[in-house]
C-alpha cells in the first residue's frame, strides 16, 4: 500500500469515529462540562481574591491554566490549523511549536482587546461580547481555516506538477540526470517557509477569542482587578498551548516518519501529496465547523 493510501485510511477511520459515530460530540460535551466546572471555580477564586484571602491569586491563575488545557483538549480550530500545517509543510518541529505558542498567546490578546474595546468604546456587556465571539468571530475563523486548507491543497498541486517521474541518480541533493533538486536540503528544511505562512497560521487561530478568557476578563474588570484578569488570560493561553504544542510535535513526527518510508527520489512528490491530503482534510473539517456554527 502506497503511503498516501495509508494516510487516507488512517485519517478516514479517525474522521469516521469523530464525525459519523459521534466521537467529536462526546469529546466536546466532556470538554464543555469540564470548562463549566473550572469557570465556577474561577468565580469562587475571584471572590476570594477580592476578599483578600491568601493563596487566592495562585489558585485563580492555576485554574486559568487548567481551563486553557481543558479548552484545547476538546475539538478545536487551533489544533486543526497547527496539525494540518505541520503535516503538509516541512517546517521544523521547534518552529511549529513556536507558532502554536504564539497563536495561543495571540488568541488571549484578542480576548483582552475585544473586552476593553467593547467596554470603553461600545459599552457592551458579557452577553454581547460572547455573542460576537460565538456568532461572528467563530464562523469567520472557521472560514479562514477552510481557506488555509484550500491554500495548502493548491500549493501541493503546484508542487506536484514539476515533480519528476524518473529516478534520482547519485547521492547529492541535485539529480545528475536533470540537474534539479528532488526535495529540500537539510538547510532548506530548517528555514521558515515565510513570514506570511506564520502570520496566516497565527491569525486564523487568534481571530476567535476564547470565551473563558472573556468570562475572566469581564469579571476582573467589574471587580477592579484588571491586571489579574489580563495575566490570567495569558496563562490561559499557555494552558491551551500545552496541547497545541503537543499537536505540533505529533504532526511533524508523523510527517517525518512517512518520509522515512520513501527514497530520495520520491521526497518532493511525497511532500506534495502530504500538502494535498492535509489541505483537503482541513478544508473538509473547517467546512463542517462553519456549518455547525451558523
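Just so it is clear, none of the values below were taken in a lab; they were calculated from the coordinates. Keep in mind that what you see is a predicted model, and the values were worked out from it rather than measured. Cβ sites come from the backbone with ideal geometry, for glycine too, and all protein chains shown count toward neighbours.
Each of 155, 292, 196, 90 has some number of other Cβ atoms within 10 Å of its Cβ, and from fewest to most they run 196, 292, 155, 90. Peptide packing for 40-46, 236-242, 269-275 was compared via the average number of neighbouring C-beta atoms within 10 Å per residue; ordered from the highest value, the list is 236-242, 269-275, 40-46.
Length, then width, then depth: along the principal axes, the Cα atoms of segment 231-281 run 50, 21, 12 Å. Sorting 221, 61 by the number of Cβ atoms found within 10 Å of their own Cβ, with the fewest placed first, yields 221, 61. Annotation for residue 259 and residue 113: the two label points, set 7 Å from Cα along the Cα-Cβ direction, are 3.3 nm apart. In this label model, residue 249 and residue 36 are separated by 3.4 nm, measuring between points 7 Å along each Cα→Cβ vector.
When 113, 49, 147, 63 are arranged by Cβ crowding within 10 Å, least crowded first, meaning fewest neighbours, the order is 113, 147, 49, 63.
Determine by what factor the alpha-carbon radius of gyration of segment 46-135 differs from 2.2 N^0.38 Å, reporting the quotient. That works out to 1.40 for segment 46-135.
Taking the alpha carbon gyration tensor of segment 207-294, multiplying each eigenvalue by 5 and rooting it gives semi-axes of 40, 18, 7 Å, largest first.
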